[in-house]
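This report refers to the structure that appears directly beneath it.
Only the coordinates and a few stated rules stand behind these numbers; no lab work does. Computed from a prediction, not measured in an experiment: that's the story for all the values here. Note: ideal-geometry Cβ built from the backbone for every residue, glycine included; neighbour counts use all protein chains shown.
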Amino acid sequence: MPITGGFSETRDATKETQKLCDQVKPEVEKETGKNFKEFVAVKYSRQTVAGTNYIIKVHVGGDNYILLSVFEALDFNGGAVELKDVQENKTNEDPLTPF
C-alpha cells in the first residue's frame, strides 16, 4: 500500500493506467511533435496526494519508451486528468523516478 506523500513500488500497468495514457496521448504528441502508432502503458508508480500523481512508462515502438508524469484529480474535484511532463528517449530498463 502506498504511503501518503510517497510513490508506490513499480507495478505492471493496468487497464486504468492505459486509460490515463489514452486520455493524455494527444497532448503528448503535441508536446513531442511525434505521432505514436504504438502507445502502450507497461509500468507505473503512483503517489497519493489531493488526487493521484502517476509516473507511467509507455512503449512507443521498437526499443523506444517514454515516461509520463500525470495527475488525476479526485472525483469531487472533477476527476480531471492532466499531463504534467514527458521524458523521451527512455528504455525498458530505465527506472520510474519522479520528475
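Of the trypsin sites (Lys or Arg not before Pro) found in segment 41-99, no site is in coil according to DSSP while having at most 10 other Cβ atoms within 10 Å of its Cβ. Applying the criteria of a DSSP loop state and at most 13 other Cβ atoms within 10 Å to the GluC sites (Glu not before Pro) of segment 56-99 yields Glu93. Shown here: Cα extents along the principal axes in Å, derived from the displayed model; of the candidates (1) 78, 35, 18; (2) 48, 29, 19; (3) 36, 27, 23, it corresponds to (3).
Report the paramagnetic label zone for Lys30: residues of segment 52-83 whose backbone N is under 14 Å from a point 7 Å from Cα along the Cα-to-Cβ axis. Only 81-83 fall inside the zone, counting backbone N under 14 Å. Taking a sphere under 9 Å around the Cβ of Ser69 and counting the other residues whose Cβ falls inside, with K and R at +1 and D and E at -1, yields a net charge of 0.
By the rule of a C-alpha distance below 18 Å, with chain neighbours fewer than 8 residues away ignored, the lysines paired with Lys19 are Lys37, Lys43, Lys57, Lys84.
Across segment 21-31, rounded Karplus estimates of 3J(HN,Hα) from the backbone phi angles (6.51 cos²θ - 1.76 cosθ + 1.60, θ = phi - 60°) give 4, 4, 5, 9, 3, x, 5, 4, 5, 5, 5 Hz, Gly and Pro being marked x.
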